[in-house]
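The values are calculated or read from the model by the stated rules, or taken from the named source; none is laboratory data. The model shown is predicted, which means the values in this text are computed figures rather than measured ones. Every residue, glycine as well, gets a Cβ built from its backbone with ideal geometry; the counts of neighbours run over all protein chains shown. Surface areas here come from the heavy atoms of the whole protein model, side chains and all, with no ligands, DNA or RNA. Shrake-Rupley method; radii C 1.70, N 1.55, O 1.52, S 1.80 Å.
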Amino acid sequence: MNKMCYLVIIYINKIRVNMLYRGIIAIIILVTSAISNSYANDLDVQFSGFASLTLSYTDDADIGFASNYLNENDTGFSATRDSILGGQANITLAKNWDSVLQVVLQDHAHKELNNFIELAFARYRPSRHWAIRAGRLNSDLYLLSEYPNVGYAYLWVRPPHEYYSFASTAGHYDGVDVEYSNALDQGFLRLKLAWGSSTAKLKVNSQDFFIDFDNLATFSATYSLDAWTMRFSLSKTDLGDYKLAMLDEFLGLLDAVPQNIWPQAKALSNKFNTEGHTIEYAAFGLTYDNDNWLIQSEIGISESDWLVAPSVLNTYISIGYRVDSAIFYTSFSSAKNRHDVTQVTDPQFPLGTPEQVSQPLQQLALATKAAVKQPIVHQHSINLGVKWQFSERLALKAQLDRFDIQPVGAGLWALSNPADVDTGHKIHMISLNASMVF
């Protein structure tokens, strides 16, 4: 979902109102109002906040870095791309009822209030084993799903780039979930089913790019036993509507190509269009936290035939060791396209075809080849860092990353020159961070 091609993706004007979200929020307001009027004496509000202030530097001016798909890409020195300020209100409404509202300010490319609301849900607990939530919810697909923006809670300056960049597009959704939790043997089991929809609000070439994920269904199972925590999750979503004039124009051009000149054009149009496509995802995560050692790893597998978001295998492993109030750590992360890059064939022109006919089709073929390559991800990285627990509410971090991006593999980055898609990059990044809770 990165910069596919400046000829393909330029402008989007989102006009479809997310009726599911509005309906859920309206229900939350009505339920909250009714419960508050009935149980005014039980109403309690607790406020909390968190922040991560980060200064970072990358040494390649030709390729821009963003910690996830939603944020601005930047090169060189930056004090904004990894800095976050968040606030949360936990509201006890009545017996068995509560609500949460969380707003997170960060360097999102699309700066709209709705894009900064991470959580906004009402929860009902009919018993100690069951919980039902409705509203804006976290996706619960990853080990960090409940606190991806709270840098104080994890080791690194930012969650592993090769893994959590993908998580940002559906990090939250508007819908409902049902959770069951109970002790199992000597550990604790939590199961969750969820359904809803989400809209990714991105920027491409300084223009808005929105895409709907409909019928987003997820299942997750988390088990904790002593120093171990394991999580398994599955997800499937239908690709929904988009509004993108230049993409429509591009698809129209492909559809208009005579089949005898370029038989592949129609099939490519179908693969760039969202209609009829789904994205499936499976993930497994494992954490070991005991005495001086903190080890964490996740692996994710996606399956998609939509050319804008190809199938990917991504993983990381992180190892930390405590020395007094400091934790020294190192991580290795990797992300790679799971299937071969789609090969775009050249149009075949009959003898005598006028140049005014052949030249535009040749340019269209070149643009299509570039568009196919732009989203492909093939990179790995290694980092070294230290987290110093300065106080109960403040942690200081320093981290050095080295990214190795393969040719036709810069899908998580922003190339200043799209023609560089066939070139590999080796990038170093240094970051200083202060993470706090209050």
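Straight-line cross-link reach from Lys243 at under 14 Å between alpha-carbon atoms covers these aspartates and glutamates, not counting any fewer than eight positions away in the same chain: Asp208, Asp212, Glu275.
Our Cα-only numbers for segment 81-204 put the radius of gyration and Dmax at 15.6, 50 Å.
What separates the Cα centres of segment 54-110 and segment 138-169 is a distance of 11 Å. So for the chain, taking the charge dipole from beta-carbon charges (+1 Lys/Arg, -1 Asp/Glu), which of Val377, Asn260, Leu137 sits furthest toward the positive end? Most positive-ward Cα: Leu137.
Shown for the chain: the carbon plus sulfur share of the solvent-accessible area, taken with all protein chains present and a 1.4 angstrom probe, equals 60%. How much accessible surface does Asp214 have with a 1.4 Å probe, in Å² rounded to 10? Counting only protein heavy atoms, Asp214 exposes about 40 Å² to solvent. Under 15 Å from a point 7 Å along the Cα-to-Cβ line of Phe332: which residues of segment 344-380 have their amide N that close? Residues 379-380 fall inside that zone. Per residue of the chain, the DSSP helices (runs of n ≥ 4 H) give a summed -39500 (n - 2.57) that works out to -5000 deg cm²/dmol at 222 nm. The residues of the chain present an accessible area of 46 Å² per residue when probed at 1.4 Å with all protein chains retained. Report the extension gain between Asp248 and Leu234 in nm, rounded to one decimal, defined as 0.36 nm multiplied by the number of residues separating them, less their alpha carbon distance. Using 0.36 nm per residue and subtracting the Cα-Cα distance, I get 1.9 nm. For volume of the Cα convex hull per residue in Å³, the value calculated from this model appears in (i) 156; (ii) 138; (iii) 212 under label (ii). Remark: spin-label model distance Ser48-Gln363 equals 5.7 nm, labels positioned 7 Å along the Cα→Cβ axis.
Using the Cα gyration tensor of segment 115-186, with a ≥ b ≥ c the square roots of its eigenvalues, what is the shape: rounded (a/c below 1.5), prolate (a/b larger than b/c) or oblate (neither)? Cα axes put segment 115-186 in the oblate bin. As an exercise, use a Förster radius of 30 Å and the Cβ-Cβ distance of His428 and Glu303 to find the FRET efficiency, rounded to the nearest 0.05. Once the sixth-power term is evaluated, E becomes 0.35. Label positions at Phe284 and Arg128, each projected 7 Å from the Cα along the C-beta direction, are separated by 3.3 nm. Straight Cα distances below 12 angstrom link Lys192 to the aspartates and glutamates Asp140, Asp177, Glu179, with same-chain residues fewer than 8 positions distant left out. Given +1 at the Cβ of Lys and Arg, -1 at the Cβ of Asp and Glu and no other charges, the dipole of the chain around its Cα centre is 600 debye to the nearest 20.
Run the numbers on segment 364-406 and let me know its relative contact order in percent, using alpha-carbon pairs under 8 Å that are six or more apart. Answer for segment 364-406 is 39 percent.
Here the relative contact order of the chain, from alpha carbon pairs under 8 Å that lie six or more residues apart, stands at 18 percent. Exceedance of the 32 Å cut-off in Cα-Cα distance is limited, within the set Lys236/Lys387; Lys201/Lys426; Lys201/Lys397; Lys236/Lys373; Lys203/Lys369, to Lys236/Lys387.
The modelled label-to-label distance for the pair Gln389/Gln186, using points 7 Å beyond Cα in the direction of Cβ, is 2.4 nm. Cross-link partners for Lys266 among the aspartates and glutamates, with Cα-Cα distance under 13 Å and sequence neighbours closer than 8 places in the same chain left out: Asp255. Paramagnetic label reach from Thr345 (point 7 Å along Cα→Cβ; backbone nitrogen cut-off under 12 Å): within segment 259-279, residues 259-268. Fully extending the segment from Ala221 to Val178 would add 14.3 nm, taking 0.36 nm per residue of separation and subtracting the current Cα-Cα distance.
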